Amino acid sequence: MLNWNILSHEEAKISPDFEKTLKIYHDTLSSPDTGFFHLPQNKDLLNETKAVYEKMKHKNYFIHVGIGGSALGPDMFLKALGSKKGVEFIFVNNIDPDDLHRQLSKVKIKDALIYIVSKSGTTAETVAAMSILAGELNKAGVTEDQYQDYFVFCTDPVKGDLRKISSQWSVQTLSVPANIGGRFSVLTPVGFLPMLFAGIDVEKVLNGAAQIQKKLTDPNEGKDFFRLACWIKTLHDKGINQTVMMPYSSLLKEFSAWFVQLWAESLGKDGKGLTPIPAYGATDQHSQIQLFMEGPNDKTLFLIEVENFSQDFSLKNTISGEAFQMLSPFNLSTLMKAEFEGTLAALKENQRHVVHLKISSVNEEALGQLVLFFECLTVLIGRIIKVDPFNQPGVEGGKKYANSWLKSHS
Ligand code: PA5
């Protein structure tokens, strides 16, 4: 089970209205409007997704088209747990023509399921990729009346262009519940369909999320969680306003990318926020750790320890040289453990602000736990620093100028 431990000389300042704020937070979570928190109990979304999967499961390629919250969660699950049934995954999450060309050259388009994910149904990057992929199907001899054999959509239950096109093309269409925004949507059909194609056990993922749900609403453990948020806020008030996410696992590298979007897009507004920094160990010990250790002491670090790896390698060897012989009695996972413990101790010695999180292994349940834990923490910090964690007005400006640039150049 995921657990966490604060290692810092800074004590959390618990406001005098702790109990009142805690109640507001619990009311926020239990409100039906906080859609993401109730997902572990929503069996309909999974059943609907399974029905679509049954019809399309003969496909050998899965092209996931989406951006931001419509892509980062599914990508994170795929990179962490892998594709276990031999299906090839392609994530089209940018508008880089060279990259798209390279990715499509690996795919047999007529053997692909194209999953278009866009809550709004109007996002330019996703719309662009969908029109290119429709064109690729046409080149392969597929006509519009056959698109239902290739496309599946995932969008708002009633609104948006994608919803309209889904009826015109008779394309199977899954819903992102209206009260769940993109970056909180990985435990909906957004993430479920790619997980099913990958052979990931979605029930176990939801079970992991449910365990965290229970933990956070437990009167005592809920208080510990609230203290963690108060501690982050105490540091934030002292100018410690950067947040490093550093799992000690290559498989969780994309977990850091998922976290970065969640933290940045939810909390960075009204002149407030905490700047997220992605990292992963042990690799970044030879890169960013120098800065984290001895640079400005303005960061909170989430270090995630993986207790058990499912594979291992012996380092036993007869190569001469002290560096080789020092490692010879150990396994590769023991070296990872030593580097994790070493970094933790050194960060503490340097009075850095660390949260040590531990998961049993990189598996479905642990990922479900991590997802719900950080989604809840994000919302709680949002409530404490008084920003709305569910909107993203700041991304509109650039979009507006890009659209008017396009119009003036057409
Ligand atoms: O988290 C969010 O809400 C955003 O990052 C969106 O997911 C992203 O902008 C894509 O939007 P849409 O799903 O409407 O295409």
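The values are calculated or read from the model by the stated rules, or taken from the named source; none is laboratory data. Since we're looking at a predicted model, the values are computed, not measured. Neighbour counts are summed over all protein chains in view; Cβ atoms, including those assigned to glycine, are modelled from backbone coordinates with ideal geometry. Note: areas computed on protein heavy atoms with side chains; ligands, DNA, RNA excluded. Shrake-Rupley method; radii C 1.70, N 1.55, O 1.52, S 1.80 Å.
With both residues required to sit in the chain, DSSP beta bridges show an antiparallel share near 15%. For E19, the shell of other residues with beta-carbons less than 14 Å away shows a net charge of +2, using +1 for Lys and Arg and -1 for Asp and Glu.
The range 195-239 gives an Rg/Rh value of 1.26, both radii derived from C-alpha positions and Rh following Kirkwood. Think of each Lys and Arg Cβ as +1 and each Asp and Glu Cβ as -1; about the Cα centre, that makes the dipole of the range 245-302 roughly 80 debye. For V244, the amide hydrogen comes within under 5 Å of the amide hydrogens of I277, T300, L301, F302, counting only partners 5 or more places away or on other chains and with H modelled in the peptide plane. Computed 3J(HN,Hα) for the range 73-89, one whole-Hz value per residue from the Karplus formula 6.51 cos²θ - 1.76 cosθ + 1.60 where θ = phi - 60°, is x, x, 4, 4, 5, 5, 5, 6, 10, x, 9, 8, 10, x, 6, 8, 9, glycine and proline marked x.
Ranking S360, S328 from most to least accessible surface, computed with a 1.4 Å probe over the protein chains only, gives S360, S328. With the radius of gyration and the Kirkwood radius both derived from the Cα set of the range 275-399, what is their ratio Rg to Rh? A ratio of 1.07.
Candidates T300, A51, V171 compared by Cα position along the dipole of the chain: farthest toward the positive end lies V171, with charges placed on Cβ. Note: the chain, Cα convex hull, 168 Å³ per residue. Couplings 3J(HN,Hα) of the range 94-105, computed from phi: 8, 10, 8, x, 5, 5, 4, 4, 4, 5, 5, 5 Hz, in residue order, whole Hz [Karplus 6.51 cos²θ - 1.76 cosθ + 1.60, θ = phi - 60°; x for Gly and Pro]. Short-range pairs are left out: with C-alpha atoms under 8 Å and at least six residues apart, the relative contact order of the range 35-200 is 35 percent.
For the range 295-410, relative contact order (Cα pairs under 8 Å, six or more residues apart, normalised by length) works out to 28 percent.
The calculated Kirkwood hydrodynamic radius for the range 74-159 is 14.1 Å, given to one decimal from all distinct C-alpha pairs.
Excluding ligands, DNA and RNA, the accessible surface per residue across the chain is 46 Å² with a 1.4 Å probe.
Atom-type composition of the exposed protein surface of the chain places 53 percent of the accessible area on carbon and sulfur (1.4 angstrom probe). Each peptide among 282-291, 375-384 gets the average number of other Cβ atoms lying within 10 Å of its residues, and from highest to lowest they stand as 375-384, 282-291.
Given their separation in residues at 0.36 nm each and the Cα-Cα distance between them, A51 and M1 gain 14.9 nm when the chain is fully extended. Here's how it looks for V92: its modeled amide H is under 5 Å from those of H64, V65, G66, which are all 5 or more places away or on a different chain. Radius of gyration over Kirkwood radius for the range 296-363, both on Cα atoms: the Rg/Rh ratio is 1.08. Put simply, when 234-243, 192-201 are sorted by average Cβ atoms within 10 angstrom per residue, most first, you get 192-201, 234-243. Extending 7 Å from Cα along the Cβ direction at S310 and again at K159 yields two label points whose distance is 4.0 nm.
A crude spin-label estimate for the pair H26 and Q146, with each label 7 Å from Cα along the Cβ direction, gives 5.9 nm. Against the empirical curve 2.2 N^0.38 Å, the C-alpha radius of gyration of the range 35-200 lands at a ratio of 0.95. Computed from the C-beta positions of L406 and S361 and an R0 of 60 Å, the FRET efficiency is 0.80 to the nearest 0.05. Proximity of backbone amide H atoms, modeled 1.01 Å from N, is registered between L187 and no other residue at under 5 Å, excluding neighbours fewer than 5 places apart on the same chain. Under the criterion of Cα pairs below 8 Å and six or more residues apart, the relative contact order for the chain equals 22 percent.
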